[in-house]
Amino acid sequence: MRMTLADMYNTPDERNLLDTMKQGIIGKPLDRPEGPLKVTGTATYSAEYKLDGCVEGVLVLADIPQGTVSTIHRDDVVAMPGVLAVLADEAMVRRSTQGTSGKAPAQDVQTVDYFAQPVALVVAETFEQAREAALALKIEYEGAGNPVPFDPESADAEVETPSDSKPVKGGDLEQAMRDAAFAIDVDYDTPGHASAAMEPHATIAEWQDDRLILRGSYQMLAFNVKEIADCLSISPKKVRIIAPYVGGGFGSKLGITHEAVAAAIAAKELGRPVRVVMTRQQVFQTVMRRSETRQRVRLAADAAGKLIGLGHEALVSNLPDEDFAEPVTQATEFLYGGENRLLKVEVARICRMTAGSVRAPGEAVGMQVLEAAMDELAEKAGLDPVELRKRNLPAKVPVEGTPYSSRMLVEALEQGAAQLGWDRRKPSPCQTREGDWWIGMGVASAARVNVMIPAEARVTLNADGTALVETDQTDIGTGTYAILGQIAGEMLGLPISKVRVVLGDTSLPAGAGSGGSFGAISTGSAVMRACEAIRKKLGKKLGCEGDALEITDGMASHGEKQCSLIDLLDGEDMAEIGSIKPGKTFKDFSQASYGAFFAEVGVHAFTGEVRVRRMTGAFGFGRVLNAKTARSQCLGGMVWGIGSALTEELAFDMRDGHLVNHDLAEYHVPVHADVPALDVILLEERDAAASPLQAKGVGELGICGAAGAIANAVYNACGVRVRSFPLTLDKII
Ligand code: MOS
């Protein structure tokens, strides 16, 4: 069922106020206003602020997997040139929080829970002095030799059902598997992933009396303020975080990490600002990872290829006591039919660094496996994989019975297929050869839940006819500056050049933050609401409702009445705070963004090397707010998909649980040579249930299933079904 505005609000069609605006700024592929600052190196990132008297801290990491710090040989390094302090504080060694709650897990003083956990901070006048001293610092531990599990599959790893993950059960899956005309029962595994944001985690901490100012690289500032306050046992009112530019996050900056807490503690103790920048290796070793997964997928289909049963069970891992468990089955709950079902996630307690949200937690790895298993079913049932998917889109969410707010999956499958030339695909493998390369095509659906987070934003219509948008919302490279300016400009009838957007400062109204694809729709809706309030006031001055007001090029009009904004404002600025929170429509409807991936690969007949030759993604995510930034998010997601399919893998040493490939030389994200020209199709859609903007999240959609399409193309090319990601050549040859 497709929800229309008519159903929701009794309006005659799906157009809302935004569609009636004369300018049509929203949706346009406008450049990011801050782009020139970034490419000329003049946008100031966290580590780049120049503060008087600022000193440098370097984190020291444990070189054991578990134990207790017994002695820190401070005296040896405190005597070294420039060294000011060696700090090892209980709060500092607490685990980084992962965006799941405001509280850091309680922890004993200086207990090491995983290899490379930060245990101390060395502060010196210069970075080089601090690094030298940190390298020289000797730390002794007790209980370091005790055996602890590093492997989620090992017998001594405890397995639990995570507290916030309820299994979905319906009917009798076992019986459905027995009754099925076609049944698939397969095990897949996916490795851990690193967020690998371009900007490493960095903080400069400064105290002004009892107030803490952090310049830090974070995604969700209002939440991060609470976290740091909790770690330091101070009031959140005493903390301000400034982060106008953030060089990527992908989940790794949802919660504060060690460098922020350490810098704050050191700055307090020394009475000077302290900068702590993690090295790339430290980011890999201490910031959260995506859990590896083992997934069992059972698909039971009738003779027509319709699912009668669906099982998706996953084993993930995390440290003991951590709430987060990769929600592998999140999209499986609503994507396909099959009332007889069992979906569940279990978490193995092991000693590796914290597992948390990494780009599209859940769907990224859950969809890639589900979609690979669907390919196996299509082959078994003798159906075209696109047709199989179309046949299995239920009218309502199985078991729950919730209707869908909107779903452009069929359109995405059809348009993506046309774009790639799917009709040229051969149904069975090893049919197309070009020189030494087997060529094949694969498809996968994309789905990602739509999330809204409470948000506020202030919009000021200045007396001079310009506008200012202010919120602590971050722009982590996703286009927030552009989008929020477009929304305000559209709503207030101003060209984009007259709208200024100020972000990333917790002294401003609290936005949603960036994460979970919720930033644009949440904070964007708050901006829209603020503008609605301004339009209402302007309308009053002109004697009409806000909705009836027309504003173009700084002129407000209603019928015959017309007045310039500057005259209407009469020397007074007009400021309004808009706010939004998820309402009833989030309970009443299953809300998700959808899409489809089509990939063509070549597999080298003698080496097993896989090259992605072409890839298309078609996506429907409600109203497109900026076609350029949305497309970029989709491109980025598909690049992640190529990495997840072919190269990315955290490798742990099972002797001590240390991460072996802790840098970008050894952890292989796709490079230009790995990525062909990618096609992105944006499907116009309106979803009135999702947000006042009628937009849904798009940030993470492009990764959700992408690797499955590539794996399916590999099978179609060469007939090798690899059920262990990534598909490195040793597994194919
Ligand atoms: Mo999201 S996990 O913050 O990319």
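Just so you know, all these numbers are worked out from the coordinates, no wet-lab data involved. Note that the structure is predicted; figures quoted are calculated from it, not measured. Methodologically, a virtual Cβ is constructed for each residue, glycine included, from the backbone with ideal geometry; neighbour enumeration extends over all protein chains shown.
Run the paramagnetic zone check for Glu158: 7 angstrom along Cα to Cβ, then residues of the range 272-316 with backbone nitrogen under 19 Å.
Residues 315-316 qualify, since their backbone N sits under 19 Å from the label point.
From the alpha carbon gyration tensor of the range 568-662, can you work out the equivalent ellipsoid semi-axes (sqrt of 5 times each eigenvalue) and give them in Å, largest to smallest? Kindly include the intermediate steps, with their values, before the conclusion.
Numbers: eigenvalues 365, 98, 57 Å².
In descending order the semi-axes read 43, 22, 17 Å.
Could you work out the local net charge near Pro65, counting Lys and Arg as +1, Asp and Glu as -1, over the other residues with Cβ closer than 14 Å to its Cβ? Working shown, then result.
Working: positive: Arg349, Arg352, Arg655; negative: Asp63, Asp113, Glu142, Asp151, Asp156, Asp653, Asp656.
Combined, the nearby Lys, Arg, Asp and Glu give -4.
So if a site counts as exposed when it's one of the trypsin sites (Lys or Arg not before Pro), its DSSP state isn't H, G, I, E or B, and it has at most 14 other Cβ atoms within 10 Å, what's the longest stretch of the chain without one?
Within the chain, the longest run free of exposed trypsin sites (Lys or Arg not before Pro) spans 139-583.
Just add up the charged neighbours of Arg611: K/R +1, D/E -1, any other residue whose Cβ is under 13 Å from the Cβ of Arg611. Mind showing how you got there, number by number?
Details: positive: Arg613, Arg614; negative: Glu434, Asp436, Glu600, Glu609, Asp674.
Result for the local shell: -3.
Just want the ordering: Ile521, Ile577, Ile476, Ile184, from fewest to most Cβ atoms lying within 10 Å of their own Cβ.
Ile577, Ile184, Ile476, Ile521
When the Cα centres of the range 172-215 and the range 374-389 are compared, how far apart do they sit, in Å?
Going from one Cα centre to the other spans 28 Å.
Whole-Hz ³J(HN,Hα) for each residue in the range 330-336, computed from phi via Karplus 6.51 cos²θ - 1.76 cosθ + 1.60 with θ = phi - 60°, x for glycine and proline: what do you get?
3, 7, 4, 4, 10, 6, 10
Along its three principal axes, how long is the chain when you only count alpha carbons? Whole Å, largest extent first please.
If we take the Cα atoms of the chain, the spans are 80, 76, 50 Å.
Please report, largest first and rounded to whole Å, the three semi-axes of the ellipsoid equivalent to the range 453-581, where each semi-axis is the square root of five times an eigenvalue of the C-alpha gyration tensor.
Square roots of five times the eigenvalues give 26, 13, 12 Å.
For the range 448-521 and the range 570-622, what is the separation of their C-alpha centers, rounded to whole Å?
Here the answer is 19 Å between Cα centres.
Give the dimensionless ratio obtained when the Cα radius of gyration of the range 239-306 is divided by 2.2 N^0.38 Å.
So the Cα radius of gyration is 1.94 times the expected 2.2 N^0.38 Å.
Cα centroids of the range 244-313 and the range 642-695: how far apart, whole angstrom?
Rounded to whole Å, the Cα centres lie 13 Å apart.
Determine the sum of side-chain charges near Leu468: Lys and Arg each +1, Asp and Glu each -1, restricted to other residues whose C-beta is under 12 angstrom from that of Leu468.
Working: positive: Arg458, Lys498, Arg500; negative: Asp464, Glu470, Asp573, Glu576.
Net of charged neighbours comes to -1.
Can you give the calculated 222 nm mean residue ellipticity of the chain, where each DSSP H run of n ≥ 4 adds -39,500 (n - 2.57) and the sum is split over every residue, rounded to the nearest 500 deg cm²/dmol?
-7500 deg cm²/dmol
Projecting each Cα onto the charge dipole of the chain (Lys/Arg +1, Asp/Glu -1 at the beta carbon, about the Cα centre), which of Leu492, Trp438, Leu315 comes out farthest on the positive side?
After comparing all options, I get Leu492.
By what distance, in whole Å, do the Cα atoms of the range 663-708 stretch along each of the three principal axes, largest value first?
Principal extents (Cα only, largest first): 45, 24, 19 Å.
To the nearest 0.05, how large is the calculated FRET efficiency for Ile577 and Arg211 if R₀ is 22 Å and r is the Cβ-Cβ distance? Show your work: numbers first, answer last.
On the way: r = 23 Å, r/R0 = 1.06.
Plugging the Cβ-Cβ distance into 1/(1 + (r/R0)^6) gives 0.40.
Along the range 235-243, what does the Karplus equation 6.51 cos²θ - 1.76 cosθ + 1.60 (θ = phi - 60°) give for ³J(HN,Hα), rounded to whole Hz, x for Gly and Pro?
Taking θ as phi minus 60°, the curve returns 6, x, 5, 8, 10, 10, 10, 10, 8 Hz for the range 235-243.
Return the percentage of antiparallel bridges among DSSP beta bridges fully within the chain, rounded to the nearest 5 %.
Counting DSSP beta bridges with both partners in the chain, the antiparallel share is about 75 percent.
With each label point set 7 Å from Cα along the Cα-Cβ vector, what nm distance links Gln562 and Asp185?
The answer from the label model is 7.6 nm.
Only helices at least 30 Å long along their own axis, judged from Cα atoms, and with Kyte-Doolittle mean hydropathy of 0.0 or greater: name those in the chain from DSSP H.
519-542
Tell me, what ³J(HN,Hα) does each residue in the range 386-397 have, in order and in whole Hz, if you take phi through Karplus 6.51 cos²θ - 1.76 cosθ + 1.60 with θ = phi - 60° and put x for Gly and Pro?
5, 5, 4, 5, 4, 6, 10, 8, x, 6, 9, 4
Going by C-beta contacts inside 10 Å, put Ile228, Ile26, Ile732, Ile256 in order with the fewest on the left.
Ile732, Ile26, Ile228, Ile256
In square nanometres and to one decimal, what's the mean projected area of the convex hull around the Cα atoms of the range 622-719?
Dividing the Cα hull surface by four gives the mean projection, 9.4 nm².
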